[in-house]
Amino acid sequence: MSAPVRVRATSAVSSRPLLLIGLGVLLFSTGPVMVAGSETTGPVLSFWRLWIGAVLMGCLTLWQIRSSGRRPDRVGWSWAARCGVAFGIHQLFFMIAIKATSVVDVTLMQVLQPIFVGLLAIVLFGERPGTGFRLWSLVAIAGAAVVVLAGASGPEGDPVGVVLAILNVAFFAVYFVWSKQARDHIDTVPFLFGVVVAAGVVVSAFVLVAGEPVGSISGGD
């Protein structure tokens, strides 16, 4: 791809943020179903998902650095690593929670994410959410309480799984807010590469300590 064509393609994508958000939501929504349908454990699936992603993002990062000539500095990489640790913990909790309880319970727990993000934004950015945000937060908390009660006591209920689902949302909120700060120091592609590598290290340490059989994953999974 020539430089002018690459620049036009990048500009066309960047000028449509809502399209990117919609596509991201669509792709993210397929994840829980695929995880639940797999035959291996959550940590093993997370291990392979992250390291396969690290290889792919590494190739894209090399391509972008050669194309743009911009190399992340130490500050940028440190932000990516920090975000990657939060993302890795989120991944573990997310995968284990889906295996422990239902996909619906884990997915519905995402209603708490705006609340966590809003609280972190107050601390880190000094933002002041309005009355509407506070009222809808109460509605979200009430809805989450119903999900917690149903998820902990229903036919597929698992109290530990529900707690992990809540922690998964909390750590993803930390990753989300930190990534906003990181973007001032590093481009998107190398940032994501650093994130998946750091997250892969976190998950690898967990599977090593827990003795998870990472070599037993099937081709289908």
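Enumerate the calculated ³J(HN,Hα) couplings along region 99-108 in order (Karplus 6.51 cos²θ - 1.76 cosθ + 1.60, θ = phi - 60°), each rounded to whole Hz, writing x wherever the residue is Gly or Pro.
Karplus values, whole Hz, x for Gly and Pro: 6, 7, 10, 7, 4, 4, 4, 5, 5, 5.
With r as the distance between the Cβ atoms of V123 and L26 and R0 = 25 Å, compute the FRET efficiency 1/(1 + (r/R0)^6) and round to 0.05.
0.20
Between W63 and A205, with labels modelled 7 Å along Cα→Cβ, what's the label distance in nm to one decimal, could you check?
3.2
Quick check for you: with a 1.4 Å probe and neighbouring chains kept, what is the accessible area per residue of region 39-144, in Å²?
Value returned for region 39-144: 55 Å² of accessible area per residue.
In terms of the Cα gyration tensor, with a ≥ b ≥ c the square roots of its eigenvalues, is region 28-132 rounded because a/c is under 1.5, prolate because a/b exceeds b/c, or oblate?
Note, shape of region 28-132 comes out oblate.
Just to be sure I understand the model, the point goes 7 Å from the Cα along the line to the Cβ. What's the resulting W136 to D73 distance in nm?
Computed distance between label sites W136 and D73 equals 3.8 nm.
The values are calculated or read from the model by the stated rules, or taken from the named source; none is laboratory data. Just so it is clear, the structure is predicted and the values come from calculations on it, not from any experiment. Here Cβ is always computed from backbone atoms with ideal geometry, including for glycine, and neighbour counts include all displayed protein chains. These area figures cover heavy atoms from the full protein model, side chains too; ligands, DNA and RNA do not enter into them. Shrake-Rupley method; radii C 1.70, N 1.55, O 1.52, S 1.80 Å.
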